[in-house]
Amino acid sequence: MSGLKSNRGNFLEDFAVGQTLEHPTPRTVTAGDVALYTALYGSRFALQSSEIFAQTCGLHLAPVDDWLVFHIVFGKTVPDISLNAVANLGYAEGRFGVPVYAGDTLRAVSEVIGLRENSNGKTGVVYVRTCGLNQNNQDVVSYVRWVMVRKRDEASVIAGHPPPELADHVGAQSVLSRTVPDFSNFDFGLSGEPHRWGDYAVGEKIDHMDGMTVEEAEHQLATRLYQNTARVHFNQFAEARGRFGRRLIYGGHVISLARALSFNGLANAVKVVALNGGRHVAPLFAGDTVFAWSEVLDKAEVAGRDDAGLLRLRLIATRDLACAQFPLPDEADGVILDLDMWVAMPR
Amino acid sequence: MSGLKSNRGNFLEDFAVGQTLEHPTPRTVTAGDVALYTALYGSRFALQSSEIFAQTCGLHLAPVDDWLVFHIVFGKTVPDISLNAVANLGYAEGRFGVPVYAGDTLRAVSEVIGLRENSNGKTGVVYVRTCGLNQNNQDVVSYVRWVMVRKRDEASVIAGHPPPELADHVGAQSVLSRTVPDFSNFDFGLSGEPHRWGDYAVGEKIDHMDGMTVEEAEHQLATRLYQNTARVHFNQFAEARGRFGRRLIYGGHVISLARALSFNGLANAVKVVALNGGRHVAPLFAGDTVFAWSEVLDKAEVAGRDDAGLLRLRLIATRDLACAQFPLPDEADGVILDLDMWVAMPR
Amino acid sequence: MSGLKSNRGNFLEDFAVGQTLEHPTPRTVTAGDVALYTALYGSRFALQSSEIFAQTCGLHLAPVDDWLVFHIVFGKTVPDISLNAVANLGYAEGRFGVPVYAGDTLRAVSEVIGLRENSNGKTGVVYVRTCGLNQNNQDVVSYVRWVMVRKRDEASVIAGHPPPELADHVGAQSVLSRTVPDFSNFDFGLSGEPHRWGDYAVGEKIDHMDGMTVEEAEHQLATRLYQNTARVHFNQFAEARGRFGRRLIYGGHVISLARALSFNGLANAVKVVALNGGRHVAPLFAGDTVFAWSEVLDKAEVAGRDDAGLLRLRLIATRDLACAQFPLPDEADGVILDLDMWVAMPR
């Protein structure tokens, strides 16, 4: 008689290394999701914006934005993994797989690969490797994330397990050629900028210039679109009494904002192929304005391809802090995101 | 020369029992509407979320959410029936018919079935039976609602008519088997919860736990999506001088929020088959946080079906009031919705 | 090492008469965009709302709203033309071409047709003729606009050029019959109003009655949907120090709000065929409530057609000012838009 059928989410005690979680509920992605993604971030990358541009890149339709795919897969994992999370600590070993098109149906499966209690006895860290799959069981994205989770009972004893060994970054040579679109006929007039892979230098820094102020309605619409149910994003009544007194914005919303802003200077980086790592340095709240800048960390060729190259980018997002001075997490207040990824560009 | 072509809405004097209203304007429902519905409420019911899950339930595509269908049909009736409404008083005898899919075109027809003046001489109550139809003239939803409407002129004499006799609830035996999806191959792993029809007991109460804070932009987007033009939802300039000093949120927005929250504990109640009754107990305003709980009022079999059963649910929504104590309209401040419906579940 | 790859936008010095700008990035319009447009404005014109209604008007699908087409084309021009604009001054010679359907891919091309420096030496005016094209290189909309743009350097000398001669309005006789849907079977019951072309008189004024309050999230979603990147709409951090202290709402948002409000009294004006002229008289900010009224400036037949006629309408929008008194720009505070267009209606 007392709500026992409701899901209160898993606590640290509920996880065990080796455990596999098949996350509900599957989701068919549509042109509606794509339009909302455009409305939420203003993304302009030509590959995702135009069916015809996508066809000149060897795809039969415009693919769904890489981060929209990521957010939908991530959202599926929240009820099982992070409903009681204190913080989403980091990402590693992320790879984007086959393109997702409107009409595809996505689901997510996670394996627990690490578990440890924090010394305070109240929380711990769970490491999971999540795989997003389409209706043909093809990988669309996979990544490791680790998250701080509450214990149900401070007295309980947790069978710890050493954290997994995680690669510092995804090796460029392991990026599959088939995940990189065909850029042989890339139209630099329509794409928005003339800059090719060869025009970027390791160490180069790019201020993406523009700022985007976030409203409560926007991040709530986004996070619900991803069917992400984490309570901190939606419930002002509870959050008014919480850590920040306010609703916390889903970290993925910041990633997508920064990615959309990065069009200005990186318009031809049309495809994200790997997520090397990343962390949400500080929270974002409604009313804050997000800025972003990028640094080219590395460059790589794609085996057997002379039309495409890879850039390893560090993408930094800030709040209420313009990026002309390229602020870094350890040096400046206001940095909220520090992301490391490989993107594919035309040569 | 004076705006005589504009619709000021109907007043009590404009209605007569037996009158039929064919409401403009028809509306083709699309994948875009479905995506917006997800973004507005975060609904996760597997039947509506996944084309493939729907196909395992014998449908050829994912059906449009029952309440989205209801809201679109309801919206069509507003310019004719409730533009000058003081309050939407209640619903009865609601039935959901054939599934609606993206691409279907909906229209609405209402018949006035009751009319009475209030003793204050300023307002009255109009009862209508509304039927939503698809492009093949099949019923998609029908329901009775009654609404308090202003008189144009206090002096006018209204030909009253006894209120119609309305069933206390829709008889379970009258629910058509063909409106209940085929649950023979229902995947309880993907649907989100293991609970079957047999796991619910009459009298059982379920706290849906989560809370959702509503923003002005959200309810306005929703209500416009339904092409519902009732003025109280949109015009802060006028409402600042009105009853509440604020824009009133469309009652259907509360229904959809409560329904989406009810996933937590009722994930397998994937199909609403009847609206037995309901009333908007108190208004909701932007900034309020909505919570919900359900009580199982009754259970019923579906004739000739051993894969599916019906639950009669009372769905209560509150504002700024968590539902662990199962607050009731007559006992607690903060209750805003009291809805009674039949839902279909796998056995 | 300093963000040289980012686009800072063009300044007055960067324009020359005769210059052609092929704007990135192409955009495939979908049912998702259409649904968002409905959610943003609540538009109810039957031709765009119902696939079946559109088919009775000789189209194979419901066409995309004329102003959504305009905004997408306009948005493409912003990074090249008005990123550093002080104000969008006016429109002329606008024509809507072939219908746009979900699935079409749009791009935009502009030619600079006039250029002059302002006497303050700090700014100037650029005149462009923009053409929106579909994937078959058919015109979907074309128009002239002129915009006040900052100089990069006050000392620079601008090769002025006389402003182009612009028609006071588009000649009705030049409206192509094929851009006017077939109204022979127009259903006045479903369209929302009984008024035909013949029911409107030159000089007639129509108060559209309703008001719509705008939220920050709404105009930001709209403007990003159009991939319009003008900074003044999005960056509160910068605008707090700017001219108004607030984010400025994209003028096109006002056009679409006023057009949607105009349904009330002009429900059968289902097709905009020409934009004779227009100016944004004053800015709109979030929290303001928009009202609208129309005046019939002229009437015209469509050559060879007895099913359709044209109305030349002046559409006025206001903020926080009801329109029962038909306020004019030069007489009343609160007028924000003064638009002049030809619309097609059934006879």
Could you pull the copy-to-copy label distances for C:D306, with points set 7 Å along Cα to Cβ, in nm to one decimal and sorted shortest first?
-> 6.9, 6.9
Nearest 10 degrees, 0 to 90: helix A:251-261 Cα axis against chain A principal axis | 10
How about segment A:58-143: which trypsin sites (Lys or Arg not before Pro) there lie in a loop by DSSP and see at most 16 other Cβ atoms within 10 Å?
-> A:K122
Given N residues in the protein assembly as shown, what is Rg(Cα) / (2.2 N^0.38 Å)?
-> 0.93
Taking 30 Å² as the minimum loss, tell me which residues in segment C:190-214 lose that much accessible area going from the chain by itself to the full protein complex (1.4 Å probe).
-> C:L190, C:H195, C:E204, C:K205, C:M209, C:D210, C:G211, C:M212, C:T213
Vicinal HN-Hα couplings computed from phi for segment B:157-162 (Karplus, 6.51 cos²θ - 1.76 cosθ + 1.60; Hz; Gly/Pro x) = 9, 9, 6, x, 7, x
For C:16-25, what's the mean count of beta carbons from other chains sitting within 10 Å of each residue's beta carbon?
-> 4
Alpha carbon centroid spacing (whole Å) that separates segment C:311-347 from segment B:55-87 | 33
Shielded by partner chains, segment B:270-300 residues - at least 10 Å² of accessible area, 1.4 Å probe, vs chain alone | B:T289, B:F291
Within chain C, helix-based [θ] at 222 nm, where runs of 4 or more DSSP H residues each add -39,500 (n - 2.57), nearest 500 | -5500 deg cm²/dmol
Positive-pole candidate from A:V149, A:A108, A:C131, dipole of segment A:63-163, charges at beta carbon = A:V149
How large, in Å, is segment C:12-125 by the Kirkwood hydrodynamic radius built from its alpha-carbon pairs?
-> 16.3
Cross-link list A:K76/A:K122; A:K271/C:K76; B:K5/B:K122; B:K122/C:K271; B:K76/B:K122: which exceed 31 angstrom alpha carbon to alpha carbon?
-> B:K122/C:K271
Taking the Cα-to-Cβ direction at C:Q173 and at A:Q173 and moving 7 Å from each Cα, how far apart do the two end points lie in nm?
-> 7.6
Of C:M212, B:H169, A:G42, farthest towards positive along the dipole that unit charges on Lys, Arg, Asp, Glu beta carbons give the protein assembly as shown | C:M212
Euclidean distance between Cα centres, segment C:88-149 to segment C:158-212, Å = 20
What residue among C:N268, C:N235, C:N88 has the largest mean-square fluctuation in a Gaussian network model of chain C, using Cα springs under 10 Å?
-> C:N235
Enter the per residue convex hull volume of chain A, computed from alpha-carbon coordinates, in Å³ rounded to the nearest integer.
-> 144
Using unit Cβ charges (K, R positive; D, E negative) and no other charged atoms, how large, in debye to the nearest 20, is the dipole of chain C about its Cα centre?
-> 1000
Which far-off residues, 5 or more places away or on another chain, put their amide H under 5 Å from the one on C:L284, with H placed in the peptide plane?
-> C:I249
Buried solvent-accessible surface, both chains (B, C), 1.4 Å probe, Å² to nearest 100 = 3300
Exercise: per-residue mean of other protein chain Cβ atoms within 10 Å, C:100-110 | 2
Treating only Lys and Arg (+1) and Asp and Glu (-1) as charged, each at its beta carbon, one finds that segment C:140-207 has a dipole about its Cα centre, in Debye to the nearest 20, of 400
In degrees between 0 and 90, to the nearest 10, how far off the longest principal axis of chain B does helix B:216-225 point, with axes built from Cα atoms?
-> 90
Cβ-Cβ cut-off under 9 Å around A:V141, Lys and Arg +1, Asp and Glu -1: the net charge is -1
Carbon plus sulfur fraction of accessible area for the protein assembly as shown, probe 1.4 Å, in percent | 49
For segment B:124-140, in residue order, the Karplus 3J(HN,Hα) values (coefficients 6.51, -1.76, 1.60; θ = phi - 60°; whole Hz; Gly and Pro = x) are x, 10, 10, 9, 10, 9, 10, 10, x, 10, 8, 5, 9, 6, 8, 5, 9
How about segment A:274-347: which GluC sites (Glu not before Pro) there are in a DSSP loop, with at most 10 other Cβ atoms within 10 Å of their Cβ?
-> A:E331
Karplus (6.51, -1.76, 1.60) ³J(HN,Hα), θ = phi - 60°, over segment A:44-50, in Hz, Gly and Pro reported as x | 10, 4, 4, 4, 8, 7, 10
Taking placed amide H atoms and a strict 5 Å upper bound, the residues 5 or more places from A:L106 or on another chain that come that close are A:R27, A:T28, A:V29
What accessible surface, in Å², does a 1.4 Å probe find on A:D187, ignoring ligands, DNA and RNA and rounding to the nearest 10?
-> 60
Across peptide C:321-331, what mean number of C-beta atoms from other chains lies inside 10 Å of a residue's C-beta?
-> 1
When chain C is modelled as a GNM with alpha-carbon springs shorter than 10 Å, which of C:V296, C:V270, C:V202 fluctuates the most?
-> C:V202
Taking only C-alpha pairs under 8 Å that are 6+ residues apart, what is the relative contact order of segment B:117-245 in percent?
-> 14
Report the charge-dipole magnitude of segment B:2-111 in Debye, nearest 20, computed about the Cα centre from +1 at each Lys and Arg Cβ and -1 at each Asp and Glu Cβ.
-> 220
Hey, what angle do you get for helix A:66-81 against the long axis of chain A, alpha-carbon based, 0 to 90 degrees rounded to 10?
-> 10
Report the relative contact order of chain C, percent, no decimals, based on alpha-carbon pairs under 8 angstrom and at least 6 residues apart.
-> 20
Proximal charge balance of C:L328 [Cβ under 10 Å; K/R count +1, D/E count -1] = -3
With a probe of 1.4 Å, find how much accessible area the protein assembly as shown has per residue, and write the answer as a whole number in Å².
-> 33
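The values are calculated or read from the model by the stated rules, or taken from the named source; none is laboratory data. Quick caveat: nothing in here was measured; it's all calculated off a predicted structure. Every residue, glycine as well, gets a Cβ built from its backbone with ideal geometry; the counts of neighbours run over all protein chains shown. We work out accessible area using only protein heavy atoms, side chains counted, and drop any ligands, DNA or RNA first. Shrake-Rupley method; radii C 1.70, N 1.55, O 1.52, S 1.80 Å.
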